[in-house]
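Reviewing the structure listed below.
Since every read-out is calculated from the coordinates, none of them should be taken as a lab result. Just so it is clear, the structure is predicted and the values come from calculations on it, not from any experiment. Heads up, the Cβs are rebuilt from the backbone with ideal geometry, glycines too, and the neighbour counts pull from every protein chain shown.
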Number of protein chains: 2
Amino acid sequence: MIECSGYTELLKRVGEIALVDSTGALLNWDEETYMPRQALNYRAEQLAYFSGWSHRQFTAPEVGDWIKACEDHGFAEGSDEAANVREWRRDYDRQTRIPADLVEEFSRASAIARDAWVEARKVSQFSRFQPHLEKLLQLNRRMADYWGYERTPYDALLEGHERNAKAAELKELFERLRPAIVEILRPAYERSRSIPEDYLEADYPIEGQKALNREVAAALGFDFEAGRIDTTTHPFCTGLGPRDCRLTTRYNPRDFSESLYGVLHEAGHGMYDQGLPEEHYGTPLGHAASMGIHESQSRLWENHVGRSREFWEHWHAKACRHLPALAKFTPEQIHTAINRVAPSFIRVEADQVTYDLHIILRFEIELQLVEGILPVKDVPGRWNEQFEKLFGLQVPDDARGCLQDIHWSLGAFGYFPTYTLGNLNAAQLMESACKQVPGLTGELAAGNYASLLQWLRTNVHAAGQRHTPQELMEKATGATTQTEPHLAALRRKFA
Amino acid sequence: MIECSGYTELLKRVGEIALVDSTGALLNWDEETYMPRQALNYRAEQLAYFSGWSHRQFTAPEVGDWIKACEDHGFAEGSDEAANVREWRRDYDRQTRIPADLVEEFSRASAIARDAWVEARKVSQFSRFQPHLEKLLQLNRRMADYWGYERTPYDALLEGHERNAKAAELKELFERLRPAIVEILRPAYERSRSIPEDYLEADYPIEGQKALNREVAAALGFDFEAGRIDTTTHPFCTGLGPRDCRLTTRYNPRDFSESLYGVLHEAGHGMYDQGLPEEHYGTPLGHAASMGIHESQSRLWENHVGRSREFWEHWHAKACRHLPALAKFTPEQIHTAINRVAPSFIRVEADQVTYDLHIILRFEIELQLVEGILPVKDVPGRWNEQFEKLFGLQVPDDARGCLQDIHWSLGAFGYFPTYTLGNLNAAQLMESACKQVPGLTGELAAGNYASLLQWLRTNVHAAGQRHTPQELMEKATGATTQTEPHLAALRRKFA
């Protein structure tokens, strides 16, 4: 093979950027977990400095020259190099349109907004968060203008989370999904009425929850030699290096399921992170394909594995050792209660049926925010009004309404729809894994998750960004993202 | 005032370096506290990258030009600018002598050595640590050669921790101290024989210890809005930014004093850090004067406040609320037991009398290591032999011998003597504070520490590196570092 010096230079440069970005991820993780309160302003300076540095390093003119040299060199189609060059080109073009000072301003504003959100949520006052949301929206619109778009600035933001996705298509998809979900919801909700909301409520000591969560996450395949679990307001998963993946969850001493399913969800993300090829760390081939693919991994482990009848048949006895209060329930009772379907306020605690309705609500609101149709001050009013239409419930306060999620405080718009894409992809991947791996359902019932993880490693994780999200789905499952596997799984469980 | 653009440029540059160095401190803190094991190698890469970057930024030719421009400009003697320029010159000359690749190599080697030390200490096998210590010594000698020295390479290393200190002078100082300490030790040890070593041994739940430590540290004046306490193998204190100071300690469920006095010690460092002038953060005026001054702050709070009779008279009732097992002792009994004098293996657990003997031992060994007189493989033998001479005890294993301290694993040689300088400075500062602040002893007896902290803020903390360590001592106490206040305090308590 003829060497291309531009490629070597690019590898060196993105290696340095990865060192800095992974450190930025530590600064963020620490801010959420252990940082003393008064350190906030300086932390924002640190984050702004590194994100600005990183942006400048990747958008420097020589990087453009190196990418051009690689393209002129012409790496063989299907080669590692060709895939990396294709993605570098895409990122470079996207990032060079944003001036470095805007990147820094955005980073600073979102660090401060995130803190304001924590406070606002604590006292349930949207007005405390409002100026920060306004600022972040304004910065997002400026970025969308720099990136350019055909139909709506929302498309430009969406592209940052899910390549090639378009607001109009999502709108159509969601309009198809909504009635099908509502149809499944009605009888499922009806049947769930016999299960009280607090059916599983009992004393679940936090230390016991932690021990159970850890045992389950390790059994699924999350590697604790290369990762850990901490406690935060909002669960998340972040990679701080090639062998350093950190999950977080939150604890409710009366409801073990909040932390357990938080961990199953984040461990799904974490196992994807741990399954990315380490030798490609810092390059597109070592990077997750998209948010919609990332979310498929969390939803697959959380819902298709963790909320199955087999899961509780296998785990009940073990769980009782950590949480003795579970002994008064049968596995079947826990399974039924865990899958109780009922409209509720908090997205991350929503059942599998209503979950996508939460996404549809957020998508509609943020689309209007980004398009400037909805003034920020009207968010709580619009949220509560739409929530009542969709769920038939009156939102009691902003903490259980428009302040519940961290995403907007991070300045992330266009992220929410990837959750529903994730649900669809999860069902479709699970269906394919069960078809392709002989005896898989039996293994899962026996609490043996290695074959499923291996199938995901091979068909999803190992690819990094070698394929576009839709190519990846097609290679793994034979088709691009469909609604049917998801609806079929819901019908099987809830109809 | 006529502006000096070189000074403005320097402020900007050291501001950026502070952003990066404080992030490096977070990478280090995280490595000690929460980082997953397998992340070690990448963490070493991150640290090496940032320390190399930082070194290059400060040693760049333009920095030399800016310092020169400041010197030519001639800031008024006694001004902030003059003090900063003086220290920048000193640091610049010191750092420009070390090539960037040696800085990076040292950073990488010490990150790996620190981990090897943790493992070696766990299994008490010096041989596992030996190659790392050899490597670090070799790198230290190379650095000493670059820095230059008159009499011994040790002086060049010492200079990094304590300005103007010389091995020959320390040797002389220690030779004067040793017999005076031995003289105090003999009768004190004799009297302590009536107190069993395990006199205070009982069940002290770790959660109770944590709560007590936190309450005491807050009462002394450590600001938890700008700091925190975590758990590590070896207690330390690190500043991660202008309002972010983190202490660590370790817990023994049968001996509360290990964690409590660890916290008092580190909180002394932490309050110094929190008392440095924030507006000068990142410049010499925002930086601690020296290690010997830093250590004076930890020893003052740990020993002169925390190990006093008055401390236990005030804290006993409060301590019992967190640790009920303490109720079976009187304050006097706790005070006596806490001040039990007996030769023992672990420096950080040593009583006030034998403590400096630990330092003398380490100083002699590291001096010979640095001078190449003692081969690294002979360290355990030499340690054990000298230990028996000084303390009359046979070292049972390396973990309780030459592997107990973290310092060498960090590549820090010439650091240990600053502990004894700290002891001397602590006694001298405490003596002056009591003379200068009317009613101070009464306030301390009542558990009111604000006046003492204020005196230290004014006379020590606020100065940063405005003065040399010895100038600072002279301004605060009327004399440079003396042995007499320390020996007098020991005699008062132990004679």
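Suppose R0 equals 41 Å; then what is the FRET efficiency for A:Ala60 and B:Tyr146 from their Cβ-Cβ distance, rounded to the nearest 0.05?
FRET efficiency, A:Ala60 to B:Tyr146: 0.80.
Between the label point of B:Thr152 and that of the same position in each other copy, find the distances and list them shortest first in nm, with every label point placed 7 Å from Cα along the Cα-to-C-beta direction.
Its label point is 7.6 nm from the equivalent points in the other copies.
Where does helix A:61-73 land angle-wise versus the long Cα axis of chain A, in degrees 0 to 90, nearest 10?
Value to nearest ten degrees: 90.
Using only atoms on other chains, find how many Cβ atoms lie within 10 Å of each Cβ of peptide A:40-52 and report the average.
Taking all residues of A:40-52 together, the mean is 4.
Which length gain, in nm to one decimal place, applies between A:Leu102 and A:Glu279 when the Cα-Cα distance is subtracted from 0.36 nm times their residue separation?
60.5 nm
Can you list the distances in nanometres, one decimal and ascending, from the A:Leu102 label point to the identical position in each other copy, with the point 7 Å along Cα to Cβ?
Those separations, rounded to one decimal, come out as 4.7 nm.
Go ahead and run the numbers for FRET between B:Ser194 and B:Ala450, Cβ-Cβ distance against an R0 of 45 Å, rounding to 0.05.
In this case the efficiency is close to 0.75.
Apply the Kirkwood formula to segment B:197-245: the hydrodynamic radius equals the inverse of the mean of 1/r over all pairs of different alpha-carbon atoms; give it in Å with one decimal.
12.7 Å
Under the √(5λ) rule applied to the eigenvalues of the Cα gyration tensor, what semi-axes describe the equivalent ellipsoid of segment B:272-322? Give them in Å, descending.
32, 13, 7
With charges set only on the Cβ (+1 for Lys and Arg, -1 for Asp and Glu), what does the dipole of segment A:250-350 come to about its Cα centre, in debye to the nearest 20?
520 debye
When only alpha-carbon atoms count, how far does segment B:1-150 stretch along each of its three principal axes, as whole angstroms with the largest first?
On the principal axes, segment B:1-150 reaches 62, 38, 25 Å in Cα extent.
In percent, what relative contact order does segment A:228-293 have, based on Cα pairs under 8 Å that are 6 or more apart in sequence?
26 percent
Could you work out how far apart the two model spin labels at B:Cys434 and B:Ala317 are, taking each label as a point 7 Å from the Cα in the direction of the beta carbon, and quote it in nm?
The modelled label-to-label distance comes out at 2.6 nm.
Note the direction-averaged projected area, equal to a quarter of the hull surface, for the Cα convex hull of segment B:151-194, in nm².
Quarter of the Cα hull surface area: 4.2 nm².
Counting other beta carbons within 10 Å of each residue's own, what order do B:Arg141, A:Arg492 fall into, fewest first?
With the fewest neighbours first, B:Arg141, A:Arg492 line up as A:Arg492, B:Arg141.
Based on other C-beta atoms within 10 Å, arrange A:Glu371, A:Glu279 from fewest to most.
Arranged by neighbour count, lowest to highest, A:Glu371, A:Glu279 become A:Glu279, A:Glu371.
Indicate, rounded to the nearest 5 percent, the antiparallel portion of the DSSP beta bridges found entirely in chain B.
Taking every DSSP beta bridge with both residues in chain B, the antiparallel ones total about 45 percent.
Over the Cα atoms of the protein assembly as shown, what is the Rg over Rh ratio if Rh follows Kirkwood?
0.99
Would you calculate the separation in nanometres between label points at A:Val182 and A:Gln482, each defined as 7 Å from the Cα along the Cα-to-beta-carbon direction?
With each label placed 7 Å out from Cα toward Cβ, I get 2.5 nm.
Across the residues of B:461-470, average count of Cβ atoms on other protein chains within 10 Å?
Per residue, the number of nearby Cβ atoms from other chains is 0 on average.
State to the nearest 20 debye the size of the charge dipole of segment A:167-494 about its Cα centre, where the only charges are +1 on K and R beta carbons and -1 on D and E beta carbons.
The calculation lands at about 520 debye.
From zero outward in steps of 5 Å, how is the percent of C-alpha pairs of segment A:199-314 spread across the bins?
2, 12, 22, 23, 20, 11, 6, 3, 1, 0
Please work out the FRET efficiency for the pair B:Lys171 and B:Arg89, using the Cβ-Cβ distance as r and a Förster radius of 25 Å; give the result to the nearest 0.05.
Taking R0 as 25 Å, the efficiency between B:Lys171 and B:Arg89 is 0.30.
Hey, for A:Glu9 with labels 7 Å out along Cα-Cβ, what do the inter-copy distances come to in nm, ordered shortest first?
Distances between equivalent label points, in nm: 2.7.
Rounded if a/c is under 1.5, else prolate if a/b beats b/c, else oblate: with a ≥ b ≥ c from the C-alpha gyration tensor eigenvalues square-rooted, which is segment B:156-248?
Oblate, since a/c reaches 1.5 and b/c is not below a/b.
Would you mind getting the Kirkwood hydrodynamic radius of segment B:66-207 from its Cα pairs, rounded to one decimal in Å?
Hydrodynamic radius (Kirkwood, Cα only) of segment B:66-207 equals 20.2 Å.
Using packing as a proxy for protection, rank A:209-222, A:176-189 so that the peptide with the highest average count of other Cβ atoms within 10 Å comes first.
A:209-222, A:176-189
If you bin the C-alpha pair distances of chain B every 10 Å from 0, what whole percents do you get?
Binned Cα distances yield the sequence 4, 18, 30, 29, 14, 4, 0.
Assign unit charges at the C-beta atoms only (+1 for Lys and Arg, -1 for Asp and Glu), then state the dipole size of segment A:1-148 relative to its Cα centre in Debye, rounded to the nearest 20.
860 debye
Counting alpha carbon pairs within less than 8 Å and at least 6 residues apart, what relative contact order, in whole percent, applies to chain B?
After rounding, I find 19 percent.
Of the listed peptides A:129-137, B:384-392, what is their order by residue-averaged count of other C-beta atoms within 10 Å, with the highest listed first?
Ranking, from highest mean packing down: A:129-137, B:384-392.
Average partner chain C-beta neighbours within 10 Å, per residue of B:23-36?
Per-residue shielding by partner chains comes out at 5.
Which whole-angstrom value gives the distance between the alpha carbon centres of segment A:248-319 and segment B:420-495?
55 Å
I'd like to know which of B:Phe416, B:Trp301, A:Tyr189 lies farthest towards the positive end of the charge dipole of the protein assembly as shown, counting +1 on Cβ of Lys and Arg and -1 on Cβ of Asp and Glu.
The listed residue farthest towards the positive side: A:Tyr189.
Note the angle between two axes, namely the Cα long axis of helix A:450-459 and the longest principal axis of the Cα atoms of chain A, as a number of degrees from 0 to 90, rounded to the nearest 10.
30 degrees
Over all Cα pairs of segment B:420-463, how is the pair count split among 5 Å bins, expressed in % and running from 0 up to the last occupied bin?
5, 23, 29, 26, 14, 3
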